[in-house]
Number of protein chains: 2
Amino acid sequence: MILSKGDNFKESFIVTDDVYNGFIHVFGDRNPLHTDEQFAIGKGFSGKVMHGNILNGFLSYFVGECLPSKDVIIHGQEIKFPNPVYMNDRLAFEAVVSEISEAVGVAIIKFKFRNIFGKIVAKGEIQIGML
Amino acid sequence: MILSKGDNFKESFIVTDDVYNGFIHVFGDRNPLHTDEQFAIGKGFSGKVMHGNILNGFLSYFVGECLPSKDVIIHGQEIKFPNPVYMNDRLAFEAVVSEISEAVGVAIIKFKFRNIFGKIVAKGEIQIGML
């Protein structure tokens, strides 16, 4: 196993215009919460709320590209979105290996995304398998 | 609440070249499992394995665009990937409202994605809030 319990990782992600527009182009989610500033403000937000699943795309990059081995696959993941993400938010991502099952080559990684105010905008865990 | 326990929904999604290339363009996950046919075959798969988080993008579309109200937000979600998805797989998506909490305006939706052979390639649940 190339991971050990307690290993931790830090990355930084920005929900740029390109990421936002690219996500909408690929998946077609134009819900007004994400695309209509006035609608979102009317619902009590500060502006258009970015799609939570953009953060799942960042998780894909983290697992596929940032771990010490490329021989990994995602078995499953869960995520909660306690606070909104807005356009151009810079998100500090922290992840820690919380469990390892050497025998079956499985690791659990817990993660958090925080905005520049230190608020947790998403947290959860990913189960990965070693290939 | 515009949803009731037992309400169910069906959609169909295809992991086209455009979706696959668009996801990689937006998020940059070029892990060889997803991009190197021979690597993936060497690991026991039939070809390049599509990113699991492409399916989370389809979930975004489902919640944002396919429910009977647009006044919804995802609070959290979980997903497991028991079988691989390959390029151009057509996925049958089924979702059912499994719990409703009227008082707090929250619904739990359980979902499955199946490939054309009827195999479940992903399943999980989404918690949504009414805005």
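Readers should treat all values here as calculations from the given coordinates under stated rules, not as data from a laboratory. Owing to the predicted nature of the structure, the values given are computational and were not obtained by experimental measurement. So basically every Cβ, Gly included, is an ideal-geometry build from the backbone, and we count neighbours across all protein chains shown.
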- Shielding of A:73-86 by partner chains, average beta-carbon count, 10 Å: 5
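Between B:Y86 and A:K80, what's the calculated FRET efficiency when r is the beta-carbon distance and R0 is 30 Å? Round to 0.05.
On the way: r = 30 Å, r/R0 = 1.01.
According to the calculation, E is roughly 0.50.
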- Starting from a label point 7 Å past Cα on the Cβ side, list the distances from B:S98 to the same position in the other copies, nm, shortest first. 1.9
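What is the packing order of peptides A:15-28, B:90-103, B:1-14, taking the mean over residues of other C-beta atoms within 10 Å and listing the highest first?
Details: A:15-28: 17.6, B:90-103: 15.1, B:1-14: 13.5.
Those peptides, ordered most packed to least, come out A:15-28, B:90-103, B:1-14.
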- Message: Spelling out what I want: for every residue of the range A:68-83, take phi, set θ = phi - 60°, compute 6.51 cos²θ - 1.76 cosθ + 1.60 (Karplus), and round to whole Hz; glycine and proline get x.
- Response: x, 9, 8, 8, 9, 9, 7, 8, x, 7, 9, 8, 10, 10, x, 9
- Along the charge dipole of the range A:8-130, which of A:F23, A:H34, A:G105 sits closest to the positive end, that is, farthest toward it, with unit charges on the beta carbon of Lys, Arg, Asp and Glu (+1, +1, -1, -1)? A:H34
- Task: Give a residue-ordered list of calculated ³J(HN,Hα) values for the range B:93-98 (Karplus: 6.51 cos²θ - 1.76 cosθ + 1.60, θ = phi - 60°; whole Hz; x for Gly, Pro).
- Result: 10, 10, 9, 9, 6, 9
- Message: Give me the dipole magnitude in Debye, nearest 20, for chain A about the Cα centre, with unit charges on the beta carbon: positive for Lys and Arg, negative for Asp and Glu.
- Response: 380 debye
- the range B:29-43 - phi-based ³J(HN,Hα) in whole Hz, Karplus 6.51/-1.76/1.60, Gly and Pro as x: 7, 10, 3, x, 4, 9, 10, 10, 3, 5, 4, 5, 5, x, 8
- Query: Hey, how much of the P(r) for the range B:1-74 falls beyond 22 Å, as a percent of Cα pairs?
  - Reply: 40 percent
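Using the Kirkwood radius built from alpha carbon pairs, what does the Stokes-Einstein equation give as D for chain A at 37 °C and 0.692 mPa s, in µm² per second?
Values: Rh = 15.6 Å.
The calculation lands on 210 µm²/s.
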- Query: Taking the label point as lying 7 angstrom from Cα along the Cα-to-Cβ axis, what are the distances from A:G6 to the corresponding position in the remaining copies, in ascending order and in nanometres?
  - Reply: 5.4
- Near-label residues of the range A:98-131 by backbone N, under 19 Å of a point 7 Å along Cα→Cβ of A:S12: A:112-122
- Query: On a 0 to 90 degree scale, rounded to 10, what angle separates helix B:17-27 from the longest Cα axis of chain B?
  - Reply: 80 degrees
- Working from the alpha-carbon coordinates of the protein assembly as shown, get Rg over Rh, Rh being the Kirkwood radius. 0.95
